[in-house]
């Protein structure tokens, strides 16, 4: 187990170096081009857009690592409140609408307008966006459904897609900090550095909740998150 984690740590450091170097090199090259007036007038808008996009990607990469370290060192403080799930789902749909449309996907909301969850607003937003973005990435021309139901003691949230699914042998690994998706896929499956679902799981556990996933290849994946009620 120690050897396995050490190998993943080394792979992670290599990934970090590569991921950070690429946008920094792009930004540096374009800035140099602007300073020396080497970029044609008709290419300047495109260059500025690329600088903006790569700078934002750098911020995402850094923030993802900072989040993980804060969670690991128990620096996250939760401010739990009652949150209306239907409103939260609509917010997620609004934020990810363009991303879903680009893949020909539809986000479906199946929740009672009166149902609430007792959670930290910012962190549950982070949890849901991470999972829904993952579902969108591996679904094409399908549906991502956000469901909620409430019992006497807990609130259950389900995020189900009709995508390509996760191989049975990979299910347990998706929660590992250094897990990376198959390189043959178009991009990182669970966050820029393979930290996304590791962060999600720890945030759910900080809420005294639990999360699990079931999946079938070429049929879809369902994440189930359970939060205790107030």
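The values are calculated or read from the model by the stated rules, or taken from the named source; none is laboratory data. Keep in mind the model is a prediction, meaning the values are calculated, not measured. Here the Cβ positions follow ideal geometry from the backbone for every residue, glycine too, while neighbour counts run over all protein chains shown.
Key figures
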quantity	calculated
Hey, residue 92 farther than 15 Å from residue 226 by Cα, assigned to a strand (DSSP E or B), in the same structural domain as residue 154 (by TED's automatic domain parsing) and at pLDDT 90 or above or not	no
Residue in the stretch 100-121 that is free of Cβ contacts under 8 Å to residues at least 40 places away in the same chain, in the same structural domain as residue 221 (by TED's automatic domain parsing), within 19 Å of the chain's Cα centre (by Cα) and part of a helix (DSSP H, G or I) present	yes
Answer from 39, 51, 76 - the residue that is over 25 Å from residue 206 (Cα atoms) and not in a helix (DSSP H, G or I)	39
Meets criteria (under 30 Å from residue 165 (Cβ atoms), touching a residue at least 12 places away in the same chain (Cβ under 8 Å) and in contact with a helix residue (DSSP H, G or I) (Cβ under 6 Å, 6 or more places away or on another chain)) for residue 71	yes
Extreme residue, surrounded by the most Cβ atoms within 10 Å (Cβ to Cβ), among residues of the stretch 20-33 that are under 21 Å from residue 59 (Cβ atoms) and out of contact with any helix residue (DSSP H, G or I) (no Cβ under 6 Å at 6 or more places or on another chain)	20
Selected residue (criterion: nearest to residue 166 (Cα to Cα)) from residues of the stretch 208-228 that are modelled with pLDDT under 95 and in a loop (DSSP other than H, G, I, E, B)	217
